[in-house]
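Take a look at the structure below.
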Amino acid sequence: MKREVITTGDGSKTIQIMDWQEQYHSKHGAIQEAYHVFIKSGLDLFKDRELQILEIGFGTGLNAFITLIEFEKRNLQIKYTGVEAYPVSNEELEQLNYLEELKSLSRKEDFNLMHSSPWNKVVEISPNFSLLKEQKFFKEIDAVAEYDLIYFDAFGARVQPELWTVEIFQIMFNAMKNGAYLVTYAAKGSVRRAMLEVGFLVERLPGPPGKREMLRAKKQ
Ligand SMILES: C[S@@+](CC[C@H](N)C(=O)[O-])C[C@H]1O[C@@H](n2cnc3c(N)ncnc32)[C@H](O)[C@@H]1O
């Protein structure tokens, strides 16, 4: 499918799937959305500990990179797993402007390493931050009670309804430890009901600019 790099409302770039008119991040602001949904509503629940994070849709690596910028402030040790079936190309990566927009040019090598590191191998990106990129489909995830936090960042239910089902949320539920959280930008009633059916406790939280609500699910 044809993909194109576009500029979002906060000046940061994202990728758009032309046929679907669907973006990797909010058109209102890619960085703004990533901070609101995954850092403020997810990572901020934790401090002073080791944390296993699973990202559903590694994509451009923006969520992983922001987590890398933020984790030390919370005294965390991160083991980050990003699952992705269709990695972005080098040509697309070169057009992104996250280092500049996040004023993190000093982290250029870390960002590049996140992308150049081999798939299916744990790599130390920085002290206390390891990354495992797994190239596979979400439905192939078979982890059991491994993760403390899931960044659920699949394309929307409008274009990939099969990723917002009881079946997929059951896989997430199984992969999470008791007390773990899953955060997502989505707020649809059908998504919330699928989460409830699996056994999650679900909260509606204020969404990022341009979106009224988002969801956070907890495995009791
Ligand atoms: C909304 S984008 C993720 C954005 C990403 N978190 C970022 O910060 O750039 C959704 C991602 O899921 C991937 N994807 C779509 N369907 C998939 C599937 N069934 N299994 C694994 N990855 C999939 C896409 O290639 C895309 O990278």
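The values are calculated or read from the model by the stated rules, or taken from the named source; none is laboratory data. Here the structure is a predicted model, which is why all the values come from computation and not from measurement. Every residue, glycine as well, gets a Cβ built from its backbone with ideal geometry; the counts of neighbours run over all protein chains shown. Surface accessibility is based on the protein's heavy atoms, side chains included, excluding ligands, DNA and RNA. Shrake-Rupley method; radii C 1.70, N 1.55, O 1.52, S 1.80 Å.
Just the protein heavy atoms count here, and of the accessible area of segment 29-218 at 1.4 Å, carbon and sulfur take up 48 percent. With the charge dipole of the chain set up from +1 on Lys and Arg Cβ and -1 on Asp and Glu Cβ about the Cα centre, the Cα lying farthest toward the positive end among the listed residues Leu68, Pro209, Ser117 is that of Pro209.
Remark: the chain carries 46 Å² of accessible area per residue (probe radius 1.4 Å; ligands, DNA and RNA excluded). Antiparallel beta bridges, as assigned by DSSP with both residues in segment 29-218, represent about 40 percent of the total such bridges. The residue list Val159, Ser104, Leu132 was ranked by how far each Cα lies along the charge dipole of segment 29-218 toward its positive end, using unit charges on Cβ atoms, and Val159 comes out on top. When the pairs Lys2/Lys47; Lys136/Lys218; Lys27/Lys219; Lys139/Lys177; Lys27/Lys177; Lys73/Lys108 are compared against a 29 Å limit on Cα-Cα distance, Lys2/Lys47; Lys27/Lys219; Lys27/Lys177 fall above it. Can you return the aspartates and glutamates within cross-link range of Lys40? Criterion is Cα-Cα under 20 Å, with same-chain partners fewer than 8 residues away left out. By straight Cα distance, Lys40 reaches Asp10, Asp48, Glu50, Glu55, Glu70, Glu72, Glu101, Asp148, Asp153, Glu203, Glu213. Of the chymotrypsin sites (Phe, Trp or Tyr not before Pro) in segment 85-151, the ones in a loop by DSSP (not H, G, I, E or B) with at most 13 other beta carbons within 10 Å are Trp119, Phe137.
Note on the chain: with a GNM built from Cα contacts shorter than 10 Å, the maximum mean-square fluctuation among Met114, Met172, Met18 falls on Met18. Remark: the chain carries a charge dipole of roughly 680 debye about the Cα centre, counting +1 on each Lys and Arg Cβ and -1 on each Asp and Glu Cβ. Between amide H atoms placed 1.01 Å from N, distances below 5 Å from Phe58 occur with Val83, Glu84, all of them 5 or more places distant or on a separate chain.
So what is the relative contact order for segment 29-218, in percent, with contacts set as C-alpha pairs under 8 Å and at least six apart? It comes to 23 percent, rounded to a whole number.
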